[in-house]
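What follows is a single structure, written as structure tokens, with notes after it.
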Amino acid sequence: MLTKLNDFITRAFMYVAAFLAFGLCFLVVADVLGRVLLNTPIKGTPEIVSTSIVMICFLQAGYAIRSGGMLHVDAFVTKLPPSVQSWMTTIGALLGAILFGFLCWGSLEPAVHAWMSNEFEGEGALRVPAWPTRFVMVLGTGLAATSYLLLMAENAKLALTGKPPEGAGVSH
């Protein structure tokens with residue numbers, strides 16, 4: 001149940017991130033065309049792009065973990081027996097869960113502060129509120145930690161029984 005919910009949310013976040021990236025393409029092209037052809041850039045483009053890139057990265061982290069898209073250095077690990085590979089993946093997933101758990105915990109207070117203090121990015125014509133980006137970081141790191149915990153459980157079961165759990169991982 002938790003695995004299916006996590007996979008649904010990670011996929012939904014990935015779609016939101018893809019839509020955001022697609023929209024940024026149009027904003028950047030419009031900004032460049034306005035700058036070159038009309039000598040009038042779109043105000044606030046650097047602020048929107050910088051905050052959106054952070055959102056895109058954190059929205060996609062959980063899906064990258066669940067789909068097996070995170071970077072693996074497996075030159076050494078592939079030479080080991082499958083059960084040892086499963087244990088090493090289990091340990092790696094535990095370390096990933098700890099890392100993203102700490103990132104989530106560390107991001108929570110700045111997100112609340114950005115909300116309470118009405119913090120903004122940028123100066124001048126367009127000021128972008130900081131709290132959406134900060135809360136996306138909290139959600140993204142929390143989902144990434146959960147994804148790593150699920151990956152850890154799946155690989156621990158594989159290491160112990162030799163059989164992967166039903167419905168493990170996101171289908172592509």
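Throughout, read-outs are computed from the coordinates displayed, never taken from laboratory work. Quantities reported herein were computed from a predicted structural model and do not represent experimental measurements. Cβ atoms come from the backbone with ideal geometry, glycine included; neighbour counts cover every protein chain shown.
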Inset, instruction - Taking only the C-alpha atoms, wrap a convex hull around the range 14-80 and report its volume per residue in Å³ as a whole number. - result: 103
Legend entry - Estimated [θ] at 222 nm from DSSP helical runs (n ≥ 4, -39500 (n - 2.57)) normalised by residues in the chain, nearest 500: -26000 deg cm²/dmol
Inset, instruction - For the range 93-104, take each phi angle, set θ = phi - 60°, evaluate the Karplus expression 6.51 cos²θ - 1.76 cosθ + 1.60, and give the result in whole Hz per residue in order, putting x for glycine and proline. - result: 5, 4, 5, x, 5, 5, 4, 5, x, 5, 4, 5
Legend entry - Distance between the range 124-151 and the range 78-92 - C-alpha centres, whole angstrom: 31
Legend entry - Relative exposure of 91, 56, judged by other C-beta atoms within 10 Å (fewest first): 91, 56
Inset, instruction - Based on other C-beta atoms within 10 Å, arrange 95, 158 from fewest to most. - result: 95, 158
Inset, instruction - First select every other residue whose beta carbon is under 10 angstrom from the beta carbon of residue 67; then total the charges, Lys and Arg +1, Asp and Glu -1. - result: +1
Inset, instruction - Using only the alpha-carbon atoms of the chain, report the extent along each of the three principal axes, biggest first, to the nearest angstrom. - result: 64, 37, 30
Legend entry - Under Karplus coefficients 6.51, -1.76 and 1.60, residue-wise ³J(HN,Hα) of the range 57-68 in Hz, glycine/proline x: 4, 6, 5, 8, 4, x, 5, 4, 5, 5, 8, x
Legend entry - Loop trypsin sites (Lys or Arg not before Pro), the range 1-93 (other Cβ atoms within 10 Å of the site Cβ: 15 or fewer; DSSP): 43
Legend entry - Extension gain, residue 80 back to residue 153 (0.36 nm per residue minus Cα-Cα distance, nm): 24.3 nm
Inset, instruction - Counting other beta carbons within 10 Å of each Cβ, put 9, 53, 65, 48 in order, fewest first. - result: 53, 9, 48, 65
Legend entry - Charge dipole (the chain, unit charges on Cβ, about Cα centre) - positive-most of 77, 20, 92: 77
